[in-house]
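The values are calculated or read from the model by the stated rules, or taken from the named source; none is laboratory data. The structure presented is a predicted model; accordingly, all values stated were derived computationally and were not measured. Virtual Cβ from ideal backbone geometry, glycine too; neighbours counted across all protein chains shown.
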Amino acid sequence: MRCFKILVILVVILGFISPLLQAGDKTEIPDFSMTERKDVPEEFKWRIEDIYENLDAWKKDKEKAEALIAEIDTSIQDWTASAEKMKAFFSVVHHINLLREKLWAYASNHSNMDLADPLYSNMKGELQSLFVRMNTKLSSVGSDLLELGKPAFDLFLQLDPDLEPYKFWAQQLFRMKKFVLPGEKQEIVSLTGLFSGTMGQAAGILNNVDIPHASVVLSDGSKITLNYANFAKYRASHNAEDRAIVMNAFWKNHRQFANTLASLLDGQMKQHVFNSRVHGYADTLEARLFPEAIDTQVYHSLIRATRENFQTLHRYLKLKQKLLGLETHRYEDVYASAVRSVNRVYSLDEAKKIVFKALEPLGNEYAAILKQSYQDRWMDIYPNKGKQSGAYSSGVYGVHPFVKLNFDGTYSSVSTMAHELGHALHSYLSDMNQDYENSQYTTFLAEIAATFNEYLLMDYLVKTESDDLFKLYILDGFLERFRVTVYRQTLFAEFELAMHREVEEGKSLTPEWLNAKYLALTRDYYGHNEGVMQVGDFIRNEWSRIPHFYLNYYVFQYATGMIASMALADMVLNGGEEEQQKYLGLLKAGGSRYSLDILRSAGVDMSTTSPHKAAYKQFDNIVAAMEKIFENIKNKK
């Protein structure tokens, strides 16, 4: 039974709801969720015609791409014989890549607006086959350049400055010389691209389509089907009993497919092992990080630093327990909003204005591009019938980025807008300042610009809001984002490393091993043995629904990205024009240098533990600020 003191605290918090429901609470958000795409007003849709005016224009460029791919057979002959031949060959590849990006963006973005329309899915399939064929034709390029050698390539650079955009690519290749396969072997390995995503695709279909949904009866007697949308909704329910019902039922239902999902994950890990060994790497982690010049210690340091700061997460979880009024804090409660009664709704115009004001510390250049994104319809705003859920930013070199949203007026959707615009402006600034060949920033850098914007949004609203409850809500939202982006993704990273190690030792991944390892890690992170949060056995098979495990050491970059962005945001907010320009320099650098070098130039050295310590200290300071506000709310009553 919950103690009287906690109930009083809840009454105190609930008493502060009414002052919040002012300007934003009566805002009506347009509902196009059951509206056909063609009937959604143009002003709320991105201007996809900026890529191609119509399907005929797309088809013409596809024909151009096919013709250029056919030219590879001729241009690749003796392409390293002279600077002139090298430039001619690179010119063909350059134009194919420009077309590839536009063709894929047009088909993919169209497809995501109406998942039921097979036209654009078929177009994506055509492109995938076309570009696998292209990659096969280009499979010998690396070994050809290595055979030429660095001194000869440097001479070609002196003879023809037009080869300069390829300098960093060549530098990377020469650095990787011992891992590059001879032409014929590389051609065989490149053909694995035809099926390399099969395990992940099969797991996605199984998880999202084929697994039958469980049905549950909630505490009020209502019966719901636990599709993923309902699962996500009700696991965050205000009712603790319903949260437990939903979480336990969903994962119990999922468990019946554990053997198949374990087999798929085992196959994916074995493919990673194959790729690492066929190229001669020490292990899968080196194979993933070496091409980007990221020392494996960066990965291990993230795990070590996170484990050393469990107490900070546990402090937040204990505060959340108080805010939720829970006698026992269980993992079933992890998605419940700690400040659950805030109900502020933002119109689209309000959201744009808030994001614009929050990002003012980045200066006039950034503001001008942000304004352009609003005016030129870079964003697709609302859900429509058949539209893919979630949000993303898709850069298109030579055009502009496209930002997919499913805006619903909540603070979360405002934060998502700031997040995706961070990606978009990163892409835009990179494209505007780099040749195509150096414009593609790495996944290691990708999340920095997005989480940087989220931090600035949180900072702006906390400084400008007068209502304590809403401040509490904003701070809790940011800490929750930190929990899922840093702590949760690091847990995933540690689990992923363990899976690879198991397979590297010649073992297979079984449901029993996966369940035991995942449960043990979850209990470590959430303080089960310390009495912080009770982590039940039901969560042991959550690994089976994490799609990122098929992407080869991908998740750790979410954590490092947020850690780096917090350090950079702190520098910009507390610095001057120099710090601002250093950060913009990172955005403009694209992929022109190694990721860690670009970050160092901006003022953050991820090869040290300093950024980690700073981020966890900031997290702890925000928890302290929440505790203070919570006390203020209680004392006002």
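Key figures
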| read-out | value |
| --- | --- |
| Test: residue in the stretch 204-214 that is under 30 Å from Val278 (Cβ atoms), surrounded by 15 or more Cβ atoms within 10 Å (Cβ to Cβ) and of a type outside the set (S, T, N, Q) | yes |
| Helices (runs of 4 or more DSSP H) contained in the stretch 133-175 and holding at least 1 residues small (Gly, Ala, Ser), on the phi < 0 side of the Ramachandran plot and within 31 Å of the chain's Cα centre (by Cα) | 141-148, 167-175 |
| Any hit, the stretch 627-637, residues being in contact (Cβ under 8 Å) with a residue 24 or more places away in the chain, farther than 26 Å from Arg488 by Cα and assigned to a loop (DSSP other than H, G, I, E, B) | yes |
| Test: Ser439 is crowded, with 19+ Cβ neighbours inside 10 Å and in contact (Cβ under 8 Å) with a residue 24 or more places away in the chain | yes |
| Neighbours by Cβ (under 6 Å, 6+ apart or cross-chain): first from the stretch 146-162, under 22 Å from Val180 (Cα atoms); second among the basic types (Lys, Arg) | Leu146/Lys177 |
| Output for the stretch 222-254, where each listed residue is surrounded by 16 or more Cβ atoms within 10 Å (Cβ to Cβ), touching a residue at least 40 places away in the same chain (Cβ under 8 Å) and out of contact with any Phe, Trp or Tyr (no Cβ under 8 Å at 6 or more places or on another chain) | Ser237, Ala240, Ala244, Asn253, His254 |
| Positions within the stretch 44-63 being farther than 29 Å from Pro383 by Cβ and surrounded by 14 or more Cβ atoms within 10 Å (Cβ to Cβ), in sequence order | Asp61, Lys62 |
| Scope the stretch 430-441; condition under 19 Å from the mean Cα position of the chain (by Cα) and either under 17 Å from Lys582 (Cα atoms) or of a type in the set (Asp, Glu) (or both); matching residues | Ser430, Tyr441 |
| Count of the stretch 550-580 residues which are surrounded by fewer than 24 Cβ atoms within 10 Å (Cβ to Cβ) and either hydroxyl-bearing (Ser, Thr, Tyr) or without any contact (Cβ under 8 Å) to a residue 12 or more places away in the chain (or both) | 8 |
| Residue count, the stretch 175-224 (criterion: closer than 25 Å to Ser389 by Cβ and either of a type outside the set (Val, Ile, Thr) or touching a Cys at 6+ places or on another chain (Cβ under 7 Å) (or both)) | 18 |
| Any chance Tyr554 is assigned to a helix (DSSP H, G or I), at pLDDT below 95 and in contact with an Asp or Glu (Cβ under 9 Å, 6 or more places away or on another chain) | no |
| Residue ID - nearest to Ala244 (Cα to Cα), chosen from residues in the stretch 529-573 that are among the polar types (S, T, N, Q) and touching a Phe, Trp or Tyr at 6+ places or on another chain (Cβ under 8 Å) | Gln534 |
| Residue list for the stretch 502-520, filter: free of Cβ contacts under 8 Å to residues at least 60 places away in the same chain and surrounded by fewer than 18 Cβ atoms within 10 Å (Cβ to Cβ) | Glu505, Gly506, Lys507, Glu512, Trp513, Ala516, Ala520 |
| Selection within the stretch 44-71 - within 27 Å of the chain's Cα centre (by Cα), outside any loop (DSSP other than H, G, I, E, B) and either within 13 Å of Lys387 (Cβ to Cβ) or touching a residue at least 60 places away in the same chain (Cβ under 8 Å) (or both) | Phe44, Ile48, Asp50 |
| Evaluation of Leu429 against (1) surrounded by fewer than 20 Cβ atoms within 10 Å (Cβ to Cβ); (2) over 20 Å from Phe478 (Cβ atoms) (one fails), failing number | (1) |
| Filter pass, Leu425 being under 28 Å from Lys582 (Cβ atoms) and over 13 Å from the mean Cα position of the chain (by Cα) | yes |
| For Pro547: the one exception among (1) under 23 Å from the mean Cα position of the chain (by Cα); (2) surrounded by 16 or more Cβ atoms within 10 Å (Cβ to Cβ); (3) under 30 Å from Tyr228 (Cα atoms); (4) not acidic (Asp, Glu) | (2) |
| Residue ID - modelled with the highest pLDDT, chosen from residues in the stretch 595-626 that are of a type in the set (Ser, Thr, Tyr) and over 22 Å from Tyr428 (Cβ atoms) | Tyr616 |
| Subset of the stretch 345-404 that is at positive phi and either basic (Lys, Arg) or at pLDDT below 95 (or both) - its residue that is surrounded by the most Cβ atoms within 10 Å (Cβ to Cβ) | Arg377 |
| Matching entry among Gly193, Gly197, Gly221, Gly204 (being at positive phi and of a type in the set (Gly, Ala, Ser)) | Gly221 |
| Options Leu317, Leu326, Leu302; residue that is closer than 20 Å to Thr522 by Cβ, surrounded by fewer than 17 Cβ atoms within 10 Å (Cβ to Cβ) and of a type in the set (A, V, I, L, M, F, W, C) | Leu326 |
| Any hit, the stretch 113-122, residues being in contact (Cβ under 8 Å) with a residue 60 or more places away in the chain, buried (at least 18 other Cβ atoms within 10 Å of the Cβ) and out of contact with any Gly (no Cβ under 8 Å at 6 or more places or on another chain) | no |
| Residue that is nearest to Trp104 (Cα to Cα) [pool: residues in the stretch 397-419 that are in a loop (DSSP other than H, G, I, E, B) and among the polar types (S, T, N, Q)] | Asn406 |
| Residue match in the stretch 321-328 (condition: assigned to a helix (DSSP H, G or I), more than 22 Å from Ala559 (Cβ to Cβ), modelled with pLDDT of 95 or more and touching a strand residue (DSSP E or B) at 6+ places or on another chain (Cβ under 9 Å)) | no |
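Rundown of residues vs (1) among the hydrophobic types (A, V, I, L, M, F, W, C); (2) within 19 Å of Phe407 (Cα to Cα); (3) part of a loop (DSSP other than H, G, I, E, B), yes/no style:
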| position | (1), (2), (3) |
| --- | --- |
| Tyr335 | no, no, yes |
| Tyr346 | no, yes, yes |
| Ala351 | yes, yes, no |
| Val355 | yes, yes, no |
| Pro361 | no, no, no |
| Tyr366 | no, no, no |
| Leu370 | yes, yes, no |
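Here is a yes/no grid of residues against (1) among the acidic types (Asp, Glu); (2) more than 25 Å from Arg501 (Cα to Cα); (3) more than 28 Å from the chain's Cα centre (by Cα):
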residue	(1), (2), (3)
Ile188	no, yes, yes
Gln201	no, no, no
Ile211	no, yes, no
Leu226	no, yes, no
Arg235	no, yes, no
Ala258	no, no, no
